[in-house]
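Heads up: the structure comes next, in structure tokens.
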Amino acid sequence: MKFGKRLKQHVQETLPGWREMYLNYKDLKKLVRLISSSLEIRNSEAEFVYLLNNEIEKFNAFFMEQEEDFIIRHKELQQRIKRANERELLSEGEYEEEMARIRKDIVDFHGEMVLLVNYSNINYTGMAKILKKYDKRTGGLLRLPFIQKVLEQPFFTTELISKLVKECETTIDELFPATVVAEEMNEAAITMVGEGIFRNTVAALMTMKEIRKGSSTQSHFSLPALNLPDTKIIRSCQLNSPIPII
């Protein structure tokens, strides 16, 4: 499957509020196809770069907003866990109910952070591919300097989110039995027919796997390795999910 179709599929499978935040690959590809003469090349490059810069601004604004929100939510979850463990005002039943709510919120939080890392990787992939098409069409050398610029953008820097993902998994391992988490994952897979972070996260990871598998060559423009561990949560999602991820 070509990248444009994979991107469209991924956008359809991600969280509804995120769908307008991805690369406008379709319009950029149309612009490249319209170039057919040296005069059009000179006129189109400024427009092409302008559109790419607008996309980068969009990525950065969205990514940094999500990152800031995740930092706040991470702190709030830690505070909830601390309060629950102090158990000053909680009966045994209330404690179990609160920890069940926290467990669900942590799993959802983990899934959203995985989606954000995929957001970064997919948009990088799209930019690299459209720049390759542009250089091939025009005979230009725009890709290298522009990709170097992309590598310095906030949306491409996922180290903090990856760190939060690992901390989130450590918290789950410390507080909740693995069997309980696996059972809840399996139940979520059965009950979530077409919605929910569980399905979105698995779909995002499968899409990224396919995008990388589709590349027959590797270069300094190729997508870097995903900065996420092969987590027990994700393996559980993939193994237990009866939902077909195409």
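The values are calculated or read from the model by the stated rules, or taken from the named source; none is laboratory data. Computed from a predicted model, the values in this text were never measured in an experiment. Don't worry about glycine lacking a Cβ; one is built from the backbone with ideal geometry, like all the others, and counts go over all protein chains shown. Only protein heavy atoms, including side chains, enter the accessible area calculation; ligands, DNA and RNA are left aside. Shrake-Rupley method; radii C 1.70, N 1.55, O 1.52, S 1.80 Å.
Conditions: (1) open to solvent by less than 60 Å² (accessible area, probe 1.4 Å); (2) within 14 Å of the chain's Cα centre (by Cα); (3) at pLDDT 85 or above. E13 meets all but one. Number of the miss?
Tallying (1) open to solvent by less than 60 Å² (accessible area, probe 1.4 Å); (2) within 14 Å of the chain's Cα centre (by Cα); (3) at pLDDT 85 or above, E13 fails exactly one: (3).
Find the residue count for segment 120-172, including only residues that are over 30 Å from M99 (Cα atoms) and part of a helix (DSSP H, G or I).
Residues of segment 120-172 over 30 Å from M99 (Cα atoms): 120-157.
Filter again for part of a helix (DSSP H, G or I), leaving 120-138, 143-150, 154-156.
Selection size over segment 120-172: 30.
Among K75, K2, K30, K26, which is open to solvent by 60 Å² or more (accessible area, probe 1.4 Å) and in contact with a Gly (Cβ under 7 Å, 6 or more places away or on another chain)?
Working: K75 fails: in contact with a Gly (Cβ under 7 Å, 6 or more places away or on another chain); K2 fails: in contact with a Gly (Cβ under 7 Å, 6 or more places away or on another chain); K30 fails: in contact with a Gly (Cβ under 7 Å, 6 or more places away or on another chain).
Just a single option satisfies the conditions, and that option is K26.
Can you tell me which of (1) in contact (Cβ under 8 Å) with a residue 60 or more places away in the chain; (2) among the basic types (K, R); (3) over 29 Å from P16 (Cα atoms); (4) surrounded by fewer than 18 Cβ atoms within 10 Å (Cβ to Cβ) is the one K166 doesn't meet?
Answer for K166: the failing condition is (3).
Take the residues of segment 150-162 that are exposed (fewer than 13 other Cβ atoms within 10 Å of the Cβ) and without any contact (Cβ under 8 Å) to a residue 60 or more places away in the chain: which is nearest to the chain's Cα centre (by Cα)?
Checked segment 150-162; the qualifying residue nearest to the chain's Cα centre (by Cα) is L151.
So A100 ticks every box in (1) more than 25 Å from L23 (Cβ to Cβ); (2) modelled with pLDDT of 90 or more; (3) aliphatic (A, V, I, L, M) but one. Which box is left unticked?
Failed condition: (2).
Please specify each residue of segment 92-135 satisfying the condition of being open to solvent by 10 Å² or more (accessible area, probe 1.4 Å), under 11 Å from the mean Cα position of the chain (by Cα) and over 30 Å from R33 (Cα atoms).
Selection gives E112 alone.
Confirm whether I41 is of a type in the set (V, I, T), out of contact with any strand residue (DSSP E or B) (no Cβ under 6 Å at 6 or more places or on another chain), at negative phi and at pLDDT below 90.
It is true that I41 is of a type in the set (V, I, T), out of contact with any strand residue (DSSP E or B) (no Cβ under 6 Å at 6 or more places or on another chain), at negative phi and at pLDDT below 90.
Being under 13 Å from the mean Cα position of the chain (by Cα) and of a type in the set (S, T, N, Q) is the filter here, so list the residues in segment 50-70 that pass it.
Answer for segment 50-70, where residues must be under 13 Å from the mean Cα position of the chain (by Cα) and of a type in the set (S, T, N, Q): just Q66.
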